[in-house]
Amino acid sequence: MMKVITKMKRILNNLDRNRGFYVLTLLVGVIFSGISVLTPTISGAMITAYSNDAAAGRRMLVLYLIVGLFQIALSLLDAYMGKQLSLRQKQIMRYRVFKTFSQKDSIGREKIASFNSFVNNDIPSLVEQFFGGTIDIIKCIFILIFSAISMLSAHWALALIVFSVSGLILLCPKAMRTKSGKARSDYSDVLGKYNTYLQSFLGGSRIIKSYNYYHRANEIQENANVQIAEKERTLIRCQMNVQSMTSFLQVGKTLLIMIVGVILISLGQMKIGGLVIVVQLAQMIAAPAEVLAYLIHARNEVLPLLERYETMSTEMSDVSEEIILRDKIESISVANVTYEVDGIRILDGITASFIAGNNYLITGESGSGKSTFMRLLARIGDISYSGSITCNGNALEKISSTSYYQRVCPVFQEPYLFHATLEENILLGRPISKDVYIATLKKLNLEYLIDRYQGQELTPEIMEQLSGGERQRVALARAMVCKPEVYLLDEVTSSLDSSNSEAIEELLLHEEAMVVHICHKCNPKLLSLYDRKYLMSGGRLLVNK
Ligand code: ADP
Ligand code: MG
């Protein structure tokens, strides 16, 4: 009993705002099940009535017709609601997994591919086989219960035969449960792998061409393709095993009913109408029993996907006691910060203090840890460092990320553009006036892009047309339009020519904000604009005179 309640809770939890509709669909389904059993029962009773009294028989005929019509109407409603339910549920699930996914701060290609595969393949299966499946299972159970009552009224011996064989049929998928669940989860894994390779190859098509990588790339992709077929074959084999067992039992059941039924009639223990009812209902529940076996099997099969969905749709709980930054940022202090990956020390005991309104320069050789340090200040990705980083005296991890990013704008080394218009790429839905947008682009010498890409979405082809410097300036514009209190800039002028690079660096240093500028090479002319200069070397931050 507890198990059933836990299961129901799990379903309701995952149904979200679809709960009401789900219950309604279930109700229609159960009524439909009842009517489906009622028609054959009435037909048997009608035959028995005719053999006794023609008038009573005719009355039963009228009743039979009315119930029959009602059954047709309900079957249509039942099918319609089932389809609506599946459509709504898929929509909700896509919404929920994307919502969680979009909260993550850095997402690897592999994750993106497996997300794609989950949305395109696993969510539809999960909806059909788990959510739809549960309703169908309950409907089948009701058909079986109603039929049992009806058949018992004909003859207990026949009811016993029908139900014991049906019980055996139901046990079939249980026996296959572990095997089929594993097969389904393996299948989903290899599909995700296939998509990972696919995305990485498609994204690098230029490299494939210019490095003659075709042959090897095809081989790798085909290898994943073969694995998909292999896992699908195992999956089908499991399903076929269940099907062959159930068909065998089904035929045996009909044979037994006929033999025992004929004997009972000849012994005068049952009317012919009774056998008509049992034969029809046995036929009818043959479907539910068999279907039920499949449904249970299919539902077990997708349980690993449900677990994956639950993980994927669970919103990441931010630190429970979030601190909201209400005042302007006065300082960001870093004390003895050490960061290691797999035992390799990337940042080594960094201590520094960044004060509002000041400009900071961090230079250093490539690979010295500059971007990693900037990532920690920007709270992006893995932030499992030792030591402390505080903002206005609050531990960075405890500060609500929304309130932090309202004041701090990081601009990363690799500018990333979305498949959206230029304006959308810069404003990102923030309530910023058109004037500020245009003025910022003017400052960055990007005005000409407004006319060139007016209202156009930036396709991968257009993005390739943009120079590295243009993309970097778009990324800068994204930060500048919201007039942040702190800029965290990682090599943001590296792709610009020297005169542009100087102009833009100067522009940023004159912004009314704290600027932490990380760059590989510094411009000697602008050194005087910095309040403090650091050198990153082998993960250590040294003050540079
Ligand atoms: P910089 O920006 O100064 O060029 P980075 O901070 O990007 O240097 O990287 C510093 C060093 O740490 C590099 O050797 C880099 O390969 C390594 N590194 C950074 N992040 C990781 C990571 N997640 N896993 C392994 N190595 C990393
Ligand atoms: Mg770097």
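The values are calculated or read from the model by the stated rules, or taken from the named source; none is laboratory data. Everything quoted here is computed from the prediction, not taken from an experiment. So basically every Cβ, Gly included, is an ideal-geometry build from the backbone, and we count neighbours across all protein chains shown. These accessible areas exclude ligands, DNA and RNA; they are computed on the full protein's heavy atoms, side chains included. Shrake-Rupley method; radii C 1.70, N 1.55, O 1.52, S 1.80 Å.
Being in contact with an Asp or Glu (Cβ under 8 Å, 6 or more places away or on another chain) and among the aromatic types (Phe, Trp, Tyr) is the requirement here; does Tyr437 meet it? Can you show your working first?
Details: in contact with an Asp or Glu (Cβ under 8 Å, 6 or more places away or on another chain): yes; among the aromatic types (Phe, Trp, Tyr): yes.
So Tyr437 passes the test.
Take the residues of the stretch 485-502 that are more than 13 Å from ligand 2 (Cβ to nearest atom) and aliphatic (A, V, I, L, M): which is farthest from Gly468 (Cα to Cα)?
Ranking the qualifying residues of the stretch 485-502, first place goes to Val486.
Are any of the residues in the stretch 171-180 of a type outside the set (A, V, I, L, M) and more than 31 Å from the chain's Cα centre (by Cα)?
Yes, there is a match, as at least one residue in the stretch 171-180 is of a type outside the set (A, V, I, L, M) and more than 31 Å from the chain's Cα centre (by Cα).
Kindly provide the set of residues from the stretch 327-346 that are within 27 Å of Glu485 (Cβ to Cβ), part of a strand (DSSP E or B) and of a type in the set (A, V, I, L, M, F, W, C), ordered by number.
Across the stretch 327-346, the qualifying residues are Ile332, Val334, Ala335, Val337.
Just to be sure, is Leu508 in contact (Cβ under 8 Å) with a residue 24 or more places away in the chain and either buried (at least 19 other Cβ atoms within 10 Å of the Cβ) or within 16 Å of ligand 2 (Cβ to nearest atom) (or both)? Steps first, please.
On the way: in contact (Cβ under 8 Å) with a residue 24 or more places away in the chain: yes; either buried (at least 19 other Cβ atoms within 10 Å of the Cβ) or within 16 Å of ligand 2 (Cβ to nearest atom) (or both): yes.
Spelling it out, Leu508 is indeed in contact (Cβ under 8 Å) with a residue 24 or more places away in the chain and either buried (at least 19 other Cβ atoms within 10 Å of the Cβ) or within 16 Å of ligand 2 (Cβ to nearest atom) (or both).
Checking Val291 against (1) within 16 Å of ligand 1 (Cβ to nearest atom); (2) open to solvent by 30 Å² or more (accessible area, probe 1.4 Å); (3) in contact with a Cys (Cβ under 7 Å, 6 or more places away or on another chain), which single condition isn't satisfied?
Going through (1) within 16 Å of ligand 1 (Cβ to nearest atom); (2) open to solvent by 30 Å² or more (accessible area, probe 1.4 Å); (3) in contact with a Cys (Cβ under 7 Å, 6 or more places away or on another chain) one by one, Val291 breaks only (1).
In the list Met463, Met480, which residue meets the criterion of being of a type in the set (A, V, I, L, M) and within 24 Å of Phe373 (Cα to Cα)?
Details: Met463 fails: within 24 Å of Phe373 (Cα to Cα).
Result of the check over Met463, Met480: Met480.
Select, from Gly539, Gly455, the only residue that is open to solvent by 60 Å² or more (accessible area, probe 1.4 Å), among the small types (Gly, Ala, Ser) and out of contact with any Phe, Trp or Tyr (no Cβ under 7 Å at 6 or more places or on another chain).
Gly455
Just the residues that are more than 6 Å from ligand 1 (Cβ to nearest atom) and either open to solvent by less than 10 Å² (accessible area, probe 1.4 Å) or of a type in the set (Gly, Ala, Ser) (or both), please, taken from the stretch 360-375.
Within the stretch 360-375, Tyr360, Leu361, Ile362, Phe373, Met374 qualify.
When you scan the stretch 443-545 for helices (runs of 4 or more DSSP H) that lie fully inside it, which ones turn up with 1 or more residues that are of a type in the set (A, V, I, L, M, F, W, C) and under 16 Å from Ile362 (Cα atoms)?
Fully inside the stretch 443-545 and qualifying: 498-509.
I'd like the full set of residues that are surrounded by 19 or more Cβ atoms within 10 Å (Cβ to Cβ) and without any contact (Cβ under 8 Å) to a residue 24 or more places away in the chain, limited to the stretch 164-192.
none
Give the stretch 407-440 a look and list any residue that's more than 16 Å from ligand 2 (Cβ to nearest atom), over 28 Å from the mean Cα position of the chain (by Cα), touching a residue at least 24 places away in the same chain (Cβ under 8 Å) and open to solvent by 70 Å² or more (accessible area, probe 1.4 Å), or say none.
Matches in the stretch 407-440: none.
Does Leu305 satisfy the criteria of being open to solvent by less than 10 Å² (accessible area, probe 1.4 Å), within 30 Å of Gln129 (Cα to Cα) and either away from ligand 2 (no atom under 16 Å from the Cβ) or in a loop (DSSP other than H, G, I, E, B) (or both)? Before the answer, list the steps.
Numbers: open to solvent by less than 10 Å² (accessible area, probe 1.4 Å): yes; within 30 Å of Gln129 (Cα to Cα): yes; either away from ligand 2 (no atom under 16 Å from the Cβ) or in a loop (DSSP other than H, G, I, E, B) (or both): yes.
Answer is yes for this residue.
For the stretch 91-137, what are the residues that are β-branched (Val, Ile, Thr), touching a residue at least 12 places away in the same chain (Cβ under 8 Å) and open to solvent by 40 Å² or more (accessible area, probe 1.4 Å)?
Within the stretch 91-137, just Ile112 meets the criteria.
From the list Glu330, Glu321, which residue is charged (D, E, K, R) and at pLDDT below 90?
Being charged (D, E, K, R) and at pLDDT below 90 holds for just one of Glu330, Glu321, which is Glu321.
Name, by its number, the condition in (1) more than 25 Å from Thr246 (Cα to Cα); (2) touching a helix residue (DSSP H, G or I) at 6+ places or on another chain (Cβ under 6 Å); (3) in contact (Cβ under 8 Å) with a residue 24 or more places away in the chain that does not hold for Phe201.
Result: Phe201 fails condition (3) only.
So is Thr25 open to solvent by less than 70 Å² (accessible area, probe 1.4 Å) and of a type in the set (Ser, Thr, Tyr) or not? If you could, list the steps in order and put the result at the bottom.
Values: open to solvent by less than 70 Å² (accessible area, probe 1.4 Å): yes; of a type in the set (Ser, Thr, Tyr): yes.
Yes; evaluated as a whole, the condition is true for this residue.
Out of all the residues in the stretch 202-242, which are open to solvent by 80 Å² or more (accessible area, probe 1.4 Å), hydroxyl-bearing (Ser, Thr, Tyr) and part of a helix (DSSP H, G or I)?
Of everything in the stretch 202-242, those that are open to solvent by 80 Å² or more (accessible area, probe 1.4 Å), hydroxyl-bearing (Ser, Thr, Tyr) and part of a helix (DSSP H, G or I) turn out to be Ser210, Tyr214.
Do any helices (runs of 4 or more DSSP H) entirely within the stretch 84-190 hold 2 or more residues that are of a type in the set (Gly, Ala, Ser), and if so, which?
Result: 109-117, 133-154.
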